[in-house]
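Asks: One structure, pasted below without further comment.
The values are calculated or read from the model by the stated rules, or taken from the named source; none is laboratory data. The shown structure was predicted, so the numbers you read here are calculated from the model rather than taken from an experiment. Glycine gets a Cβ as well: all are built from the backbone with ideal geometry, and neighbour counts include every protein chain shown. SASA here: full protein model, heavy atoms, side chains in, ligands and nucleic acids out. Shrake-Rupley method; radii C 1.70, N 1.55, O 1.52, S 1.80 Å.
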Amino acid sequence: MYCKSPVLCTFFLALLGFSEFLFAAPWSGSGIEGNPYRIADAADLLALATNTDYYDANFILVNDIDLASAGVFSTAVIASDIDNSNTVFDGIAFTGSFDGDGHQITNLTINGGDNDYLGLFGSISDYTYEDGVVKNLGIADCNLIGDEYLGALAGFNGGFVSNCYATGQIVGTNRLGGLMGYNYTGI
């Protein structure tokens, strides 16, 4: 690297060295299997939604979360589809693990209009067989409106889901389910 100013070069190199600390995850934990990132409130959950670089990490819910104050979403909260002009999932799928630890997320409301792949997760894993895992999670009092691939937990699941439940209302045109809109088994 060529640098005209030694002071700027030193600052730039120091910034690279400390980038791990400057851009650290906003959750406690380390994101590995034995020490997952801890989701404690709606702000933590929404931070996951906007940090796609962490979609392959491990998370655990440590409290019940009420999303009523988060308002109405127009896309999936986590791993949303970015191009609704087709029926193919064009976003970044969640391929990590999310353990609800017996907690529930309540009052998830999505009015997606013509959007696809709606739910807490737009897509858990995908057709590339990168396994995403969601377990021990309840979703209560959800309301989803959209086109297709709609489920309270996930619009599309190509990973592993266990010990999860959902209550609420799902309104759409195709590939709808209470828990998952479409469950791809890979067979």
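Asks: Residue check: is ALA24 among the hydrophobic types (A, V, I, L, M, F, W, C), in a loop (DSSP other than H, G, I, E, B), modelled with pLDDT of 50 or more and open to solvent by 40 Å² or more (accessible area, probe 1.4 Å)?
Replies: The answer is yes for ALA24.
Asks: I've got another one for you. Would you confirm, using the coordinates I've provided, whether LEU15 is at pLDDT below 90 and in contact with a helix residue (DSSP H, G or I) (Cβ under 8 Å, 6 or more places away or on another chain)?
Replies: yes
Asks: Where the second residue is among the hydroxyl-bearing types (Ser, Thr, Tyr) and at pLDDT 90 or above and the first is closer than 27 Å to ASP64 by Cβ and lies in the stretch 166-187, which pairs have Cβ atoms under 6 Å and are six or more apart or on separate chains?
Replies: GLY181/TYR149
Asks: Do the conditions hold for ILE124, that is, is it of a type in the set (A, V, I, L, M) and farther than 16 Å from GLY181 by Cα?
Replies: Spelling it out, it is not the case that ILE124 is of a type in the set (A, V, I, L, M) and farther than 16 Å from GLY181 by Cα.
Asks: Next up: Name every residue in the stretch 96-122 that is surrounded by fewer than 24 Cβ atoms within 10 Å (Cβ to Cβ), on the phi > 0 side of the Ramachandran plot and at pLDDT 95 or above, in order of residue number.
Replies: ASP101, GLY102, ASN107
Asks: For the stretch 39-77, which residues satisfy the criterion of being in contact with a strand residue (DSSP E or B) (Cβ under 7 Å, 6 or more places away or on another chain) and under 16 Å from GLN104 (Cβ atoms)?
Replies: ILE39, ASP41, ALA42, LEU45, PHE59, ILE60, LEU61, VAL62, ASP64, ILE65, ASP66, LEU67, listed by residue number.
Asks: Sticking with this structure for a sec: I need the full set of residues from the stretch 168-187 which are under 15 Å from PHE89 (Cβ atoms) and open to solvent by 70 Å² or more (accessible area, probe 1.4 Å), in order please.
Replies: Once the filter is applied, which keeps residues that are under 15 Å from PHE89 (Cβ atoms) and open to solvent by 70 Å² or more (accessible area, probe 1.4 Å), the stretch 168-187 yields ASN174, ARG175, TYR182, ASN183.
Asks: Count, please, the residues in the stretch 67-113 that happen to be assigned to a loop (DSSP other than H, G, I, E, B), touching a residue at least 12 places away in the same chain (Cβ under 8 Å) and β-branched (Val, Ile, Thr).
Replies: The number of residues fulfilling the criteria is 6.
Asks: May I pose another question? Among the residues of the stretch 129-141, write down those that are out of contact with any His (no Cβ under 9 Å at 6 or more places or on another chain) and surrounded by fewer than 24 Cβ atoms within 10 Å (Cβ to Cβ).
Replies: Passing the criteria: TYR129, GLU130, ASP131, VAL133, LYS135, ALA140, ASP141.
Asks: When the residues of the stretch 131-161 are filtered to those that are small (Gly, Ala, Ser) and either outside any strand (DSSP E or B) or at pLDDT below 95 (or both), which remaining residue is nearest to the chain's Cα centre (by Cα)?
Replies: The extreme case among them is GLY132.
Asks: Scan the stretch 151-162 for residues that are in contact (Cβ under 8 Å) with a residue 40 or more places away in the chain and in contact with a Lys or Arg (Cβ under 9 Å, 6 or more places away or on another chain) and jot them down.
Replies: Matches in the stretch 151-162: GLY155, PHE156.
Asks: Mind telling me which of the residues ASP66, ASP83 ends up being open to solvent by 50 Å² or more (accessible area, probe 1.4 Å), modelled with pLDDT under 95 and not β-branched (Val, Ile, Thr)?
Replies: Just a single option satisfies the conditions, and that option is ASP83.
Asks: Let me ask something additional. Which of the residues that make up the stretch 143-167 are buried (at least 24 other Cβ atoms within 10 Å of the Cβ) and either over 16 Å from ALA93 (Cβ atoms) or among the hydroxyl-bearing types (Ser, Thr, Tyr) (or both)?
Replies: LEU144, GLY146, TYR149, LEU150, ALA152, ALA166
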